[in-house]
Amino acid sequence: MAKLIDGKAISGAIRSEIKEEIAASGLTPGLAVILVGDDPASAVYVRNKKRACAEVGIYSESYELPAETTQEELLSLIGTLNKKDTIHGILVQLPLPKHIDEKAVILAIDPAKDVDAFHPVNVGRIVTGDYDYLPCTPAGVMTLLERSGIDPKGRKCVVVGRSNIVGKPQALLMLHANATVTVCHSKTADLAAECRQADILVVAIGRADYITGDMVKEGAVVIDVGMNRRADGKLTGDVDFASVEPKASYITPVPGGVGPMTITTLMKNTFTAAKRAAGLK
């Protein structure tokens with residue numbers, strides 16, 4: 001029987017800490033969130049980010065643009081926000097409409113305000129271990145492990161997924177934490193065999209209930225980054241919780257595991273950006 005890693009509770013505790021730190025600092029961190037189009041999931045994420053900002057004392061601006069917004073218009077808005085002193089963090093909600101070049105948008109954000117840590121400058125700094133910001137979801141995973149008393153040092157970590165947003169940076173953060181890391185993906189020859197080697201298994205592939213109990217070794221720590229919706233409308237992760245939970249020592253639920261930590265890390269990054277702008281970090 002696995003112990004549940006309660007991301008909601010851990011996230012709540014960290015948000016309280018951030019709120020106290022912001023109040024004590026005398027700063028007013030500012031975050032601008034840009035949403036292009038009417039993707040329902042993205043709209044929910046943006047709403048949750050605005051709510052989190054209000055909770056911890058971060059000033060927020062929300063730009064909800066129509067789907068037909070041109071790339072030039074979006075880049076112009078980012079340029080304006082880059083120069084705005086009251087805005088310390090800029091986040092463009094992905095995915096973007098197909099006519100907009102995602103790479104060009106990421107490159108347009110001032111690296112000092114790139115609180116998603118997607119800009120190549122920040123990605124390079126993460127590789128070397130000399131960073132100001134970490135990508136929100138992988139950093140959230142590391143915080144969940146830390147707060148649960150799980151040290152990756154010397155342990156075998158398998159990351160399933162190689163996206164720029166989760167898989168690749170997750171592997172880097174595990175390396176920085178002195179884990180021995182294997183990255184698996186759609187071309188991995190024997191995924192089940194690789195997963196069974198993991199002391200810590202992080203799954204971020206976007207396939208509902210894909211990792212099953214026979215793919216997990218006894219006592220493994222299982223972190224489910226996935227968020228999928230079944231045909232019946234219920235949310236589920238990339239891990240088949242019912243078959244994996246009896247074998248794991250620790251496991252994150254979906255929802256209520258990694259998800260809350262993503263936005264909490266965004267709040268932390270925005271506060272860090274405000275401190276850097278004020279010369280305090």
Full-stretch length increase - residue 281, residue 55 - with 0.36 nm per residue and alpha-carbon distance subtracted: 79.0 nm
Whole-Å semi-axes of the chain's equivalent ellipsoid (Cα gyration tensor): 32, 21, 18
Quarter of Cα convex hull surface for the stretch 188-281, i.e. mean projection, nm²: 8.1 nm²
Sorted by Cβ density within 10 Å, fewest first, the residues 176, 88: 176, 88
For the stretch 26-111, average projected area of the Cα convex hull in nm²: 5.5 nm²
Additional length obtainable on full extension of the chain from residue 19 to residue 231, 0.36 nm per residue less Cα span: 72.5 nm
DSSP H segments from the chain that extend 20 Å or more along their own axis, Cα-based, with Kyte-Doolittle mean of -0.5 or above: 7-25, 40-56, 259-277
Extended-chain gain in nm, criterion 0.36 nm per residue less alpha-carbon gap, residue 72 and residue 196: 39.8 nm
Built amide H within the under 5 Å cut-off of residue 184, gap 5+: 159, 160, 161
Packing-based ranking, highest mean first, of 53-66, 203-216, 70-83 given that Cβ atoms within 10 Å are counted: 203-216, 53-66, 70-83
Normalised convex hull volume, the stretch 80-236, alpha-carbon set, Å³ per residue: 158 Å³
Tensor-based shape of the stretch 228-281 (alpha-carbon gyration tensor, a/c under 1.5 rounded, otherwise prolate or oblate): oblate
Average projected area [Cα convex hull, the stretch 124-179], square nanometres: 3.7 nm²
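Read the figures in this text as sums done on the coordinates, not as results from a lab. All values derive from a computational prediction rather than experimental measurement. Neighbour counts run over all protein chains shown; Cβ positions are idealised from the backbone, glycine included.
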